[in-house]
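Student: For reference, the structure I am asking about is given below.
The values are calculated or read from the model by the stated rules, or taken from the named source; none is laboratory data. The structure displayed is predicted, hence computed values, not measured ones. Note: ideal-geometry Cβ built from the backbone for every residue, glycine included; neighbour counts use all protein chains shown. The protein model used for the area step is the full one, side chains on, heavy atoms only, and it has no ligands, DNA or RNA in it. Shrake-Rupley method; radii C 1.70, N 1.55, O 1.52, S 1.80 Å.
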Amino acid sequence: MSTIDNLPPLREVINTHDLKARKSLGQNFLLDLNLTAKIARQAGDMTECDVLEIGPGPGGLTRGLLSEGARRVLAIEKDKRCLPALAEISEAYPDRLTVIEGDALEIDPLAHLTPPIRIAANLPYNVGTELLVRWLTPQEWPPFWQSLTLMFQREVAERIVAKPGSKAYGRLALLAQWRADARIVLNLPPEAFTPPPKVSSAVVHLTALPEPRFPADPDVLNRVVAAAFNQRRKMLRSALKGTAPDIEDRLLAAGLKPTERAEQVPLEGFCALAREIAKG
């Protein structure tokens, strides 16, 4: 039996159910249950929370979340091969695990969750960034979640916590730091996974702020920063010319220099520009 519960070790689970990780699904499995429990602890006190997990695979982090006291876990899994292994976890933790088969990009989890809600996941590499942006840019704020505890490739994690002037600074940093406090809480080497990815990974913890740091429409801000950093070597007036016909005037009104580059502009500047563009 494993060191955190009475279920078999993950390597045995994977062999029993023939769960070889699939590259097409962005899968890399964590087999060390002590490590998955450590990741779960980064989410904070979960005893009074429902937890949303995306891409549980054979259930390593799922077991960590449950063993660390999560009130309930909702796990969304696209790979039907993993469902029998997750069913065994559900039996071991009665009434605390719900598994939905499907694509996390297409499923609304709120019908199955009771606030307060936290999100914790070893996100599949191929959908991780898109899910993060969705969770950060709803029209209404505060969001349905209190915190996000997410594993990414280390390069992506560094982009989330980056500061102006750095090479990693861009859209993810701006959207994350606009509405949340973000920090890297754990680094993981490739050999922690099966199969080992070619890059290191990191866990990022984001805590939702009561309100955004600066006012801006999320759709406009997302569009502006995406355009600005899509051509980050160009001056702002060139990179953003498609966002407004009089972009140079809008930049000046927002207190920005049209000849600046995106990586030089702090969050407050982009929010001011988004407000100017939203005026129509």
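Student: Is there any pair with a first residue in the range 218-247 that is in contact (Cβ under 8 Å) with a residue 12 or more places away in the chain and a second that is buried (at least 19 other Cβ atoms within 10 Å of the Cβ) and among the basic types (Lys, Arg) whose Cβ atoms are under 6 Å apart and which are 6 or more apart or on different chains, and what are they?
Tutor: The qualifying pairs are Val225/Arg171; Ala226/Arg171; Phe229/Arg171; Ala244/Arg250.
Student: Any residue that is more than 21 Å from Glu88 (Cβ to Cβ), assigned to a helix (DSSP H, G or I) and either open to solvent by 10 Å² or more (accessible area, probe 1.4 Å) or in contact (Cβ under 8 Å) with a residue 60 or more places away in the chain (or both) - is there at least one of those in the range 44-63?
Tutor: Taking every residue of the range 44-63 in turn, none turns out to be more than 21 Å from Glu88 (Cβ to Cβ), assigned to a helix (DSSP H, G or I) and either open to solvent by 10 Å² or more (accessible area, probe 1.4 Å) or in contact (Cβ under 8 Å) with a residue 60 or more places away in the chain (or both).
Student: Among the residues of the range 191-199, are any modelled with pLDDT of 95 or more and either out of contact with any strand residue (DSSP E or B) (no Cβ under 6 Å at 6 or more places or on another chain) or in a loop (DSSP other than H, G, I, E, B) (or both)?
Tutor: No, the conditions are met nowhere in the range 191-199.
Student: When you check Lys234 against the structure, is it more than 14 Å from Glu276 (Cβ to Cβ), open to solvent by 70 Å² or more (accessible area, probe 1.4 Å) and under 21 Å from the mean Cα position of the chain (by Cα), yes or no?
Tutor: For Lys234, the condition - more than 14 Å from Glu276 (Cβ to Cβ), open to solvent by 70 Å² or more (accessible area, probe 1.4 Å) and under 21 Å from the mean Cα position of the chain (by Cα) - is not met.
Student: Could you tell me how many of the residues in the range 7-43 are within 30 Å of Thr207 (Cβ to Cβ), in a loop (DSSP other than H, G, I, E, B) and open to solvent by 10 Å² or more (accessible area, probe 1.4 Å)?
Tutor: So the count comes out to 6.
Student: A further question follows. When you go through Glu248, Glu268 one by one, which is the residue that is of a type in the set (Asp, Glu), under 30 Å from the mean Cα position of the chain (by Cα) and in a helix (DSSP H, G or I)?
Tutor: Glu268
Student: Which number in (1) buried (at least 21 other Cβ atoms within 10 Å of the Cβ); (2) over 25 Å from Val161 (Cα atoms) marks the one condition that Gly102 misses?
Tutor: So Gly102 meets the others, but not (1).
Student: Right, another one. Could you run through the range 212-229 and say how many residues are in a helix (DSSP H, G or I) and either open to solvent by less than 70 Å² (accessible area, probe 1.4 Å) or at pLDDT below 95 (or both)?
Tutor: Summing the residues that are in a helix (DSSP H, G or I) and either open to solvent by less than 70 Å² (accessible area, probe 1.4 Å) or at pLDDT below 95 (or both) in the range 212-229 gives 10.
Student: If you don't mind, there's one more thing I want to ask. Check off (1) over 18 Å from Thr149 (Cα atoms); (2) modelled with pLDDT of 95 or more for Ala111 and give me the number that stays unchecked.
Tutor: (2)
Student: For the range 251-265, give me each residue that is assigned to a helix (DSSP H, G or I) and either buried (at least 21 other Cβ atoms within 10 Å of the Cβ) or among the β-branched types (Val, Ile, Thr) (or both).
Tutor: Hits for the range 251-265 are Leu251, Ala262.
Student: If we scan the range 35-51, do we find a residue that is under 20 Å from Asp108 (Cα atoms) and touching a helix residue (DSSP H, G or I) at 6+ places or on another chain (Cβ under 6 Å)?
Tutor: yes
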